[in-house]
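**Q** Sending over a structure as structure tokens; questions will come in a sec.
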Amino acid sequence: MSVDTERDTRDLEAELASSAAGRFGVPVDAVCVGCGRTRVKRATLEEMDQPSQADPTALEATDCTSFKHVCYPCKGATWWNPVAVLTGLLEREQERERDRGE
């Protein structure tokens, strides 16, 4: 199954809302190097070797380095390779925060 087809069948917003995605950082679609599973994860700019002042909406996955995050099937922290920066999810999240006055 191609990455695009797999992404079309997944609920990325639900994955982002899950505690398994993390609480802080830029939402990225990433592949666990341990089991090959693709999931939405959050990673800070610094974790992906980007300057803290970088615009996350302008990032490309190829600009980002692997980062450590929990993988529940692997039962621990593993390395994750970003395959897409989920700017649409990030922009919707920022819009909701603006609407709430945060």
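**Q** Scanning the stretch 36-63 for residues that are of a type in the set (Lys, Arg) and touching a Pro at 6+ places or on another chain (Cβ under 7 Å), which turns out surrounded by the fewest Cβ atoms within 10 Å (Cβ to Cβ)?
**A** Restricting to residues being of a type in the set (Lys, Arg) and touching a Pro at 6+ places or on another chain (Cβ under 7 Å), the top hit is Arg37.
**Q** Return the pairs, sorted by first residue and then second, in which the second residue is part of a strand (DSSP E or B) and of a type in the set (Phe, Trp, Tyr), the first residue lies in the stretch 79-90 and is in contact (Cβ under 8 Å) with a residue 24 or more places away in the chain, the beta carbons are less than 6 Å apart, and the residues are 6+ apart or on different chains.
**A** Listed pairs, sorted by first residue: Trp80/Phe67.
**Q** A follow-up question, please. If you go through the stretch 16-25 one residue at a time, do you hit one that is surrounded by 15 or more Cβ atoms within 10 Å (Cβ to Cβ) and touching a residue at least 60 places away in the same chain (Cβ under 8 Å)?
**A** Scanning the stretch 16-25, I find at least one residue that is surrounded by 15 or more Cβ atoms within 10 Å (Cβ to Cβ) and touching a residue at least 60 places away in the same chain (Cβ under 8 Å), so the answer is yes.
**Q** Of the numbered conditions (1) touching a Gly at 6+ places or on another chain (Cβ under 9 Å); (2) closer than 22 Å to Gln50 by Cβ, Gly88 fails exactly one; give the number of that condition.
**A** (1)
**Q** Same structure, new question: Please find, among Leu59, Leu86, the residue that is closer than 22 Å to Ser19 by Cβ and among the aliphatic types (A, V, I, L, M).
**A** Leu86
**Q** So Val33 clears everything in (1) surrounded by 12 or more Cβ atoms within 10 Å (Cβ to Cβ); (2) under 25 Å from Arg96 (Cβ atoms) except one condition, right? Which one?
**A** All conditions pass for Val33, except number (2).
**Q** Quick one: would you say Ser66 is among the small types (Gly, Ala, Ser) and exposed (fewer than 14 other Cβ atoms within 10 Å of the Cβ)?
**A** It is false that Ser66 is among the small types (Gly, Ala, Ser) and exposed (fewer than 14 other Cβ atoms within 10 Å of the Cβ).
None of the figures in this text is laboratory data; all of them are computed from the coordinates on show. Keep in mind that what you see is a predicted model, and the values were worked out from it rather than measured. Counting neighbours? That spans all protein chains shown, and the Cβs are built from the backbone with ideal geometry, glycine included.
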